[in-house]
Each structure stands twice: as structure tokens, then as C-alpha cells.
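Q: What follows is a single structure, and I will ask about it in a moment.
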Amino acid sequence: MRILLYVRCKVSYEYEQKLLKSDKINHLAWLLTNTNALKMFNKIGQNMWQLRELKFDFLLENFNIKARVEKKPNYTKILEILALKKKKINVEEINIYHPSLEETQGSNQAKIRKYVNKNSNPNREITSEGDGATKSSEEIETSLIEHEYERLPQINKKKKGLRITRKAEDENTKKYVLEDDSLRTTADVGGEELVRGLEFTSIDKVEEKGELAEFVEVLKLLEKRDNIKKVNIIIGKLPEGKRGKKFARLSDGVTRRKYAIGQVTMMDGGECSLIDVERENRALSMLILKADGKVNWNNIYSKLLIGLVDVSGKWSNEIIKSIEMKEIMVYRKKHINKSIDGIEKQLYKSLI
């Protein structure tokens, strides 16, 4: 006789619908069906709430991980967990009950109300000036950590309740007009596709050491040109990306590789951007971007930098072509052994 072990999860609307994906359910089932893992989870919450400390006992007896480590003479330091392997879910079947899991039935009855978007333009411009989404999500980003299970249970999403959908309209259907300026904030687009924290500062307030110091000095010279209105700069750390994490760090495997973006505004209103990255003797060109009209630069920077990491240290030709289709000119400038004055003159010719 075969004994079927299963877990029954009944959750309310407070449990977000996006968390009903199989990978989230599997992780929840692993947590609920492993006593020690659940004790650790509860202890973390208890200590954070009562003691304001991230403190807990490590109770997992059998665990298998893939990690990036730093070896020391007397110990090995785990810098990043890349994969959790051989996770065991101690049930064979999971039944999920959620208010969103409803049977849908069509109806010939007329709609009670209809919402009409005043702006019919399907294109959305991304802006970084808005406050972003007003609804928060408790979903934890796990795409950068691989989860492997010994055996996956069967997941049954049980539909309960009935939702009536009405497609017809009549004279009693009330219409509501919605205003829409076609703008979407970077927060609405999603953190996985954007580099966070892109905040520029005036070039005259920046001092940099190391490989990007030359780039900073060149930008300071450019700002002195008569037909250049202002130059702003941002220096940050490359994103981890999804496939090319190795390039996100310097050759020591620990230090995050830095990038610098110079944003040049001309007196006639034109905008140019210069992007440079710590190379460590790699043959990686500086990028120059020019545009006559208004451009959502933050989105462009994010695509280029994430693409650079994902292609393991090369500018993505595919992304550059997609940028050029938006009437943005893209030039690659090789790093040549010249004086700072010589580099500035060469770049200035490309900007005008």
C-alpha cells in the first residue's frame, strides 16, 4: 500500500498572486516540510522583531551549496551563494487554494461599467522623475540563486468560486475616462532590467583614483569648452547580470568592477553620453552616445551595462543596434596612449 504525503496550503489575498509560481511554491513547501529550516526562519523573524538583530542558530544538518569563496590561510569565507542543491521537499503533492484561482464563466449580460483610456498611444516612455509604483511586493528576488531539488512534488492549484465576465455593453453601461500621460517610472519597469541608483552629480565635485581618474579629468576639460553647458558624472559598480557575473568583478574575484558615465549637455540643448569601464588591460572601447531629441538615458545605460556583463566584457552589438534604431548615434573609441589633453581634443571632435 502506497501512502501519499501531501500539504494543503490555503492562503488569502494577502499572499500575492505572483507568488503562486511553481518555483515559489516549491521553496515554500521545502520550508514548511523541513522542521529545522522552519525553526531557523521563525527564529530570524523573532530576533529581528524583538532584538533588532539578524541572529540565529544554523540548524541545517545536510545541505549542499555552490558558492563563490575567498580562501584564507585559516578559513574559507563564503562571499556569495550561487546555488542551493539537493533540497528535499518531504511531500509528494501540494494542493494550493487562493482567492484568485476561480472558475471563469462568460455572461450575455451587459457590463455595469467600462474604463476608457483617454490616451490611446500604446507607447510608454520611462521616466526616473516619478515616485514609481505605489504597491509594494514582498516577493524576494531569487533569480540570481539556483535552486535544485531531489524530487519535485505535484502542484495542484485548486479553483474555488466563480467569476462572471461580461463583454457586452448597453445604454446603461457607465463609462469612466482615465487620464494617462504615457509615462512609466523606472520602478514600474522592474528592478531586474534596470541599474539602480543612477544619480548624477556635477563633475567639479568629483575626485577619483585608479583607472577611471583619467576619464574624470577629461570630462573636467570638456566642461571648460564654450559650447558645452554642463557636464555631470556618475561612478558606480557594475550590476551582477544574469550570466556574466565574472566580469562584474575585477581579476581578484572580489572587488566589484566600476563604471563611469559622463553626461554632456551642449549649449544648443543636445545631449551626449560617454561611458567608460575599468578594463584591467582588456581591449574594451569607450562608448559615445549622441542624441538630438529627448532620450530616456537611464534605460539606455541600464541596457548597455547589463549587456556588457552578460556578454562577459564586450559591448552587446544587439543592444547597440536597438539603441541606434531610436535615432541615437553610438561610437566606439579605443583607448590610445595619449595625454589627457590629446584624449579630450579627440573626444570633443566626436561630440560636435
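Q: Report, by residue number, each residue of the range 17-41 that is modelled with pLDDT of 85 or more and loosely packed, with under 12 Cβ neighbours inside 10 Å.
A: Hit for the range 17-41 is Thr35, nothing else.
Q: So, one more: Of all residues in the range 263-298, which are modelled with pLDDT of 85 or more, small (Gly, Ala, Ser) and out of contact with any helix residue (DSSP H, G or I) (no Cβ under 9 Å at 6 or more places or on another chain)?
A: Ser285
Q: What single numbered condition from (1) under 18 Å from Trp297 (Cβ atoms); (2) not in a strand (DSSP E or B) fails to hold for Tyr331?
A: (2)
Q: Which of the residues that make up the range 269-279 are among the small types (Gly, Ala, Ser) and open to solvent by 20 Å² or more (accessible area, probe 1.4 Å)? Reasoning before the result, please.
A: Filtering the range 269-279 for residues among the small types (Gly, Ala, Ser) gives 269-270, 273.
Listed by number, the list holds a single entry, Gly269.
Quick grid of which residues meet (1) within 30 Å of Leu101 (Cβ to Cβ); (2) touching an Asp or Glu at 6+ places or on another chain (Cβ under 9 Å); (3) at pLDDT 85 or above:
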{"site": "Ala168", "(1), (2), (3)": "yes, no, no"}
{"site": "Glu171", "(1), (2), (3)": "no, no, no"}
{"site": "Val177", "(1), (2), (3)": "no, no, no"}
{"site": "Glu193", "(1), (2), (3)": "yes, no, no"}
{"site": "Phe200", "(1), (2), (3)": "no, no, no"}
{"site": "Glu211", "(1), (2), (3)": "no, yes, yes"}
{"site": "Lys245", "(1), (2), (3)": "no, yes, no"}
{"site": "Gly253", "(1), (2), (3)": "no, yes, no"}
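Q: Another question about this same structure. Of the residues that sit in the range 47-65 and are more than 22 Å from Leu84 (Cβ to Cβ) and more than 30 Å from the chain's Cα centre (by Cα), which one is least open to solvent (accessible area, probe 1.4 Å)?
A: Leu51
Q: Quick one: is Arg282 closer than 21 Å to Ile306 by Cβ and either open to solvent by 30 Å² or more (accessible area, probe 1.4 Å) or among the hydrophobic types (A, V, I, L, M, F, W, C) (or both)?
A: Details: closer than 21 Å to Ile306 by Cβ: yes; either open to solvent by 30 Å² or more (accessible area, probe 1.4 Å) or among the hydrophobic types (A, V, I, L, M, F, W, C) (or both): yes.
Yes: the conditions hold for Arg282.
Q: Can you tell me which residue among Gly293, Gly307, Gly269, Gly262 is in a helix (DSSP H, G or I) and not aliphatic (A, V, I, L, M)?
A: Numbers: Gly293 fails: in a helix (DSSP H, G or I); Gly269 fails: in a helix (DSSP H, G or I); Gly262 fails: in a helix (DSSP H, G or I).
That would be Gly307, the only listed residue that is in a helix (DSSP H, G or I) and not aliphatic (A, V, I, L, M).
Let's see how each residue does on (1) under 30 Å from Glu240 (Cβ atoms); (2) in contact with a strand residue (DSSP E or B) (Cβ under 6 Å, 6 or more places away or on another chain); (3) not in a helix (DSSP H, G or I):
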site: Lys24; (1), (2), (3): yes, no, no
site: Met40; (1), (2), (3): yes, no, no
site: Phe58; (1), (2), (3): yes, no, yes
site: Glu80; (1), (2), (3): yes, yes, yes
site: Lys86; (1), (2), (3): yes, yes, yes
site: Gly106; (1), (2), (3): no, yes, yes
site: Gln109; (1), (2), (3): no, yes, yes
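Q: Got at least one residue in the range 255-262 being at pLDDT below 85, open to solvent by less than 60 Å² (accessible area, probe 1.4 Å) and within 22 Å of the chain's Cα centre (by Cα)?
A: no
Q: Now, a different point. Do we find that Lys338 is out of contact with any Gly (no Cβ under 8 Å at 6 or more places or on another chain), open to solvent by 70 Å² or more (accessible area, probe 1.4 Å), under 19 Å from Lys220 (Cα atoms) and assigned to a loop (DSSP other than H, G, I, E, B) in this structure? If you could, list the steps in order and put the result at the bottom.
A: Working: out of contact with any Gly (no Cβ under 8 Å at 6 or more places or on another chain): yes; open to solvent by 70 Å² or more (accessible area, probe 1.4 Å): yes; under 19 Å from Lys220 (Cα atoms): yes; assigned to a loop (DSSP other than H, G, I, E, B): yes.
Yes; evaluated as a whole, the condition is true for this residue.
The values are calculated or read from the model by the stated rules, or taken from the named source; none is laboratory data. Every value quoted in this text rests on a predicted model; they were computed, and no experiment measured them. Cβ coordinates were reconstructed from backbone atoms using ideal geometry, including for glycine residues, and neighbour counts include every protein chain displayed. Accessible surface areas use protein heavy atoms only, side chains included; no ligands, DNA or RNA. Shrake-Rupley method; radii C 1.70, N 1.55, O 1.52, S 1.80 Å.
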